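Presented below is the structure to which this report refers.
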Amino acid sequence: MFLTITPGAAAPDDAVFRSMFEARKRVFVDLLKWDVPVLGSRYEVDQFDTPDATYLILTDDAGNHLGSARLLPTQRPHILDTLFPQLCEGSVPSGPGVQEITRFCLDPRQNARQRRRTRDTLVHALAAHALARGIARYTGVAEMGWLQQILAFGWDCEPLGLPRQVGARLLGALTIAITRDTPRLLERAGLVSAIAVPGDAVRHAA
Amino acid sequence: MHIKANRGSGGLGNAPSVDAEEMTSLAVANEFLELTRCATTNDQLRDALATICESMGFEYFALTHHVDPHATEAQVIRLHNYPKPWVEWFDDHRLGVSDPVHRASRVTDAGFCWARVPSMIKLTAADREVLAMARREGVGDGFTVPAHIPGEASGSCSFAVGPGKEVPAHYVPVAQLVGTFAFDTARRVNRIRCVDTEGPPLTGRQRDCVLWAARGKTNWETAQILGLSEETVMQHHKQARERLDIPNKPMLVVRALYDGYICFDDVFRP
């Protein structure tokens, strides 16, 4: 399994990117029925897929997409402040040390065990990335079922407000503190990274 | 995307306007989260649930978690303050699995009021008797927060009021948040882990054969569909059963669904 960490500005034609946008279409549009734009009926790409975004993409040895997440800087417009400010009781957390996790995507071509392995590796990669880049906390919006799973990863989560019905979905906003202790908390919750030392298999695209 | 602002909050693009009363209810939730953040025992969690339950205007709480029945140490978390006669009746009738509210919580991720249960699952005559019996024993309407963690048995956290009383609607979002976090605290306190059985996973062909069995096809039919011999299909089934340590085909199909090798949509909406 390989991890690519890349800004949105890198090679838009890159096969890894295409395979991620395709997987996102299958997950968020086909499976979860989100009302989000689709490019050329194949790729799920929205207004936040810009050079400012950072992507963590896991692929298999052949370069096929296994899982991915998009990080948005919170000093610029992002999902929580643009689409769901009502999910925050106070002001929307923002700053250089705060990034928003969006489009956490596990490729549906995997079976439950493979998805679990990919998920655990991706969560560990998010924690390692935050530690390497001085990100002190992540924020995120989730449907309640997914939010329950995010809590179960064992890291340190706090609600930003009360859950609210938005259209057909019940959504909540969370903040996740990332500290040196986070990798241990994830391991204690049973999350094991398939990449032995997250730094090792990382391909940093330009 | 259509955004439905609710309960007087700011809509799209506006600064969130939170009324004073709602601030109070989030404060109630935060108080609970503070209490449970350091909780290390079920007693501490039970006390915190009792406190928040009262603050929200509910009379009863019940947090239940059934661990994977395949796990070696079958352990059931159950924290509640239901009336004793109701709990005895519930256990005598072995409702842990078949209780209509528990069953309804399997079909949704979001919390629901019990009044909605008849629109969520098909109720049998026995289910109606369960609900009537609960009312007779002092448990009326309620709100249940389901909890589904992949690889673990489902659970839920419920809050209820006495018969003839209404669920305090204002506190339903708090109950949702509290239920979600309470369930996670229960997992942490009781060291519930995902059960990730070791051993080789099914091969693609084994999975295909199990999927066609789930769709009701015989080995011969599956062989025709997949372009294999009937003998080969039988071998795939046999090896799949051996890999998952399953004695027969119906159980193999159920286990494959439970483990996520195949999903209900594959079976019913191919």
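Below, the figures for the structure above:
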quantity: Chain A - mean residue ellipticity at 222 nm from DSSP helices (-39,500 (n - 2.57) per run, n ≥ 4, rounded to 500); calculated: -7500 deg cm²/dmol
quantity: Cβ neighbours within 10 Å from other chains - mean over A:151-163; calculated: 6
quantity: At R0 = 41 Å, FRET efficiency that the Cβ-Cβ distance of residue A:136 and residue B:54 yields, to 0.05; calculated: 0.70
quantity: Segments B:79-88, A:57-66, A:124-133 sorted - mean Cβ within 10 Å per residue, highest first; calculated: A:124-133, A:57-66, B:79-88
quantity: Long-range amide H partners of residue A:75 with built H, under 5 Å; calculated: A:95
quantity: Region B:216-256 - convex hull of the alpha-carbon atoms, volume per residue in Å³; calculated: 65
quantity: Per-q log10 I(q)/I(0), region A:1-71, q = 0.12, 0.21 Å⁻¹ (Debye; single scatterer per alpha-carbon; no solvent); calculated: -0.28, -0.89
quantity: Segments B:42-52, B:221-231 sorted - mean Cβ within 10 Å per residue, highest first; calculated: B:42-52, B:221-231
quantity: Trypsin sites (Lys or Arg not before Pro) within region B:164-269, DSSP loop, no more than 11 other Cβ atoms inside 10 Å; calculated: B:191
quantity: Average Cα contact separation per residue, region A:38-118, under 8 Å, 6 or more apart, as relative contact order %; calculated: 28
quantity: Scaled radius of gyration (Cα, divided by 2.2 N^0.38 Å) that region B:112-270 gives; calculated: 1.42
quantity: Residue B:224-residue A:41 FRET efficiency (beta carbon distance; Förster radius 35 Å; 0.05 resolution); calculated: 0.60
quantity: Projected-area average for the protein assembly as shown over all orientations - Cα convex hull basis, square nanometres; calculated: 23.8
quantity: Inter-label distance, nm, simple model (7 Å from Cα along the C-beta direction), residue B:231/residue B:27; calculated: 7.8
quantity: Sequence-separation-based contact order of chain A, relative, with Cα cut under 8 Å and 6+ spacing, percent; calculated: 23
quantity: For region B:103-200: relative contact order, % (alpha-carbon pairs under 8 angstrom, 6 or more apart); calculated: 27
quantity: For residue A:45, residues with placed amide H under 5 Å, excluding near neighbours; calculated: A:39
quantity: Residue-span extension gain [residue B:136 to residue B:238] - 0.36 nm each, minus C-alpha spacing; calculated: 31.6 nm
quantity: Reachable lysines, given that their alpha-carbon falls under 29 Å from the alpha-carbon of residue B:249 and they are not under 8 places away in the same chain; calculated: B:122, B:217, B:238
quantity: Region A:1-107: trypsin sites (Lys or Arg not before Pro) in DSSP loop, at most 10 other beta carbons within 10 Å; calculated: A:33
quantity: Where labels lie 7 Å past Cα in the beta-carbon direction, separation of residue A:2 and residue B:88 in nm; calculated: 6.7
quantity: Per-peptide average of other Cβ atoms within 10 Å, ordering A:147-157, B:123-133, B:173-183 highest first; calculated: B:173-183, A:147-157, B:123-133
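Bear in mind that the values in this text are calculations on the coordinates, not laboratory data. Keep in mind the model is a prediction, meaning the values are calculated, not measured. Note that we place each Cβ from the backbone using ideal geometry, even for glycine, and neighbour counts take in every protein chain shown.
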